[in-house]
Amino acid sequence: MSKKIGVIGGGIVGLATAYKLQTEYPSAKIYLFEKEDDLGSHQSGRNSGVLHCGLYYEPGSLKAKLAVSGIEQMIEFCNHHSIDHEICGKVVVASNRRESVFLDNLAARGKANGLNGLNFLSKQELKDREPFVVAEKSLLVPGEGIVNYKQVMDKLSQLIQDNNGEILLHTRISEIEDRNNKIFIKHGSKEWELDLIINCTGLHTDRTYKAFTKNSVSPVRIIPFRGEYYKLLPEAEKLCNHLIYPVPDPEFPFLGVHFTRMINGEKEVGPNAVFAFKREGYSNTEFSLRDTYESLTYMGFLNFIRLNFRFSMGELGSSIFKSMFLAKAKKLVPEIESRHFVKGMAGVRAQAMDSTGKLIMDFRVIRNGNQVHVLNAPSPGATASLAIADYIIQEYIRK
């Protein structure tokens, strides 16, 4: 394929896609366009660096398939390029009988997705692994781990450029036009003629879909949910050895407040999932009139709030009141106190939602002419990024 292909968006999915395109089509010219001054400035660079192996996802779903393939590829990539990572495993904790039933279902789902080594821990086995965790029932997921995604993105960037690809930072695509089966895109006075573009713009993918296709309506609407973390102080790091997760509510894609040992040795607790008043708003003081207006006038979001009012208020409360956040952490580790942690990083999740208020759980990719749009790629999007890139090539370019 002697073509020119543009990837819009320099997060980990965009980088993985550009890298895989070069591998698949070495004679093609690959461009990656990123509006920020650095790669992975948003979702990709603001997560806790967990490698997800496919425990949570509906068997047969795209997420389930690509998470299993994705973690295998990511581990191989990290091994090959000496990127910091560790398969440390995690425990998922049920705090009561109701959650124990959910945990049984979760284990069955993981086995259906091909996960090996899942094991319910005895009280002593849990104590040996995580001495401060209190649980009615706990599941060990040995295949999960932690990684330095910044190093992953740096290596992908290097490989792209070493193979004659171009990465253009601080390049926001302001205009796009189809002419004679070609795509012409512009940034200021600069113009590129391309044969194909792939939209990997994350938090803005619904807007870029409409702008690029000239369709007035996007198949999904992105609603931003901020996830806030607290960092454990050194004297409290003993409270967590590896990864400790609650049983998630099956109605929501959010995994709940959990404890994470990061690849640099630091430990954190979080995140919550609170509506963000700005798509790139990393604190509760950041506000965008456009972003807020679009969300609050979208019938899907209003339906979501109506159907999940208690959940929404609880998450908002955990953002405003440290005591409410602490209560979520105490459910897993009762000995944790507010003096044990300080404000850490925050990220914003691009959550796709339909007009009924239903959260779109699975990955979603569509093709429109000579454009491919990654409309929804939330967690485990980072873990599965190399597999997502393979899927895009196989299903939307080769065919």
Query raised in the report: Within the range 326-345, is even one residue out of contact with any Leu (no Cβ under 7 Å at 6 or more places or on another chain), of a type in the set (S, T, N, Q) and either surrounded by fewer than 16 Cβ atoms within 10 Å (Cβ to Cβ) or in a helix (DSSP H, G or I) (or both)?
Result: no
Query - Index of the failed condition, residue 379 passing every other in (1) loosely packed, with under 14 Cβ neighbours inside 10 Å; (2) under 21 Å from residue 11 (Cβ atoms); (3) not aliphatic (A, V, I, L, M) - result: (1)
Report task. Would you kindly identify the strands (runs of 3 or more DSSP E) lying entirely within the range 167-258 that contain at least 1 residues that are in contact (Cβ under 8 Å) with a residue 24 or more places away in the chain, of a type in the set (Phe, Trp, Tyr) and not assigned by TED's automatic domain parsing to the domain that holds residue 277? Result -> 190-194
Query raised in the report: Does residue 286 qualify as being touching a residue at least 40 places away in the same chain (Cβ under 8 Å), among the acidic types (Asp, Glu), outside the structural domain of residue 136 (by TED's automatic domain parsing) and under 21 Å from residue 42 (Cα atoms)?
Result: no
Report task. Pairs only if they're at least six apart or on different chains, beta carbon under 7 angstrom, first in the range 88-108 and assigned to a strand (DSSP E or B), second among the charged types (D, E, K, R); list them, first residue then second. Result -> 90/144; 91/129; 91/130; 94/136; 94/137
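The rows are residues; the columns are (1) touching a Lys or Arg at 6+ places or on another chain (Cβ under 8 Å); (2) aromatic (Phe, Trp, Tyr); (3) modelled with pLDDT of 95 or more.
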| residue | (1), (2), (3) |
| --- | --- |
| 273 | yes, no, no |
| 280 | no, no, yes |
| 309 | no, yes, no |
| 317 | no, no, no |
Report task. Scan the range 37-57 and report the pairs whose first residue is touching a residue at least 12 places away in the same chain (Cβ under 8 Å) and whose second residue is of a type in the set (Ser, Thr, Tyr) and part of a loop (DSSP other than H, G, I, E, B), with Cβ atoms within less than 6 Å and a gap of 6+ or a chain change. Result -> 51/383; 52/383
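The values are calculated or read from the model by the stated rules, or taken from the named source; none is laboratory data. Remember, predicted model here, so these are calculated numbers, not experimental data. Here Cβ is always computed from backbone atoms with ideal geometry, including for glycine, and neighbour counts include all displayed protein chains.
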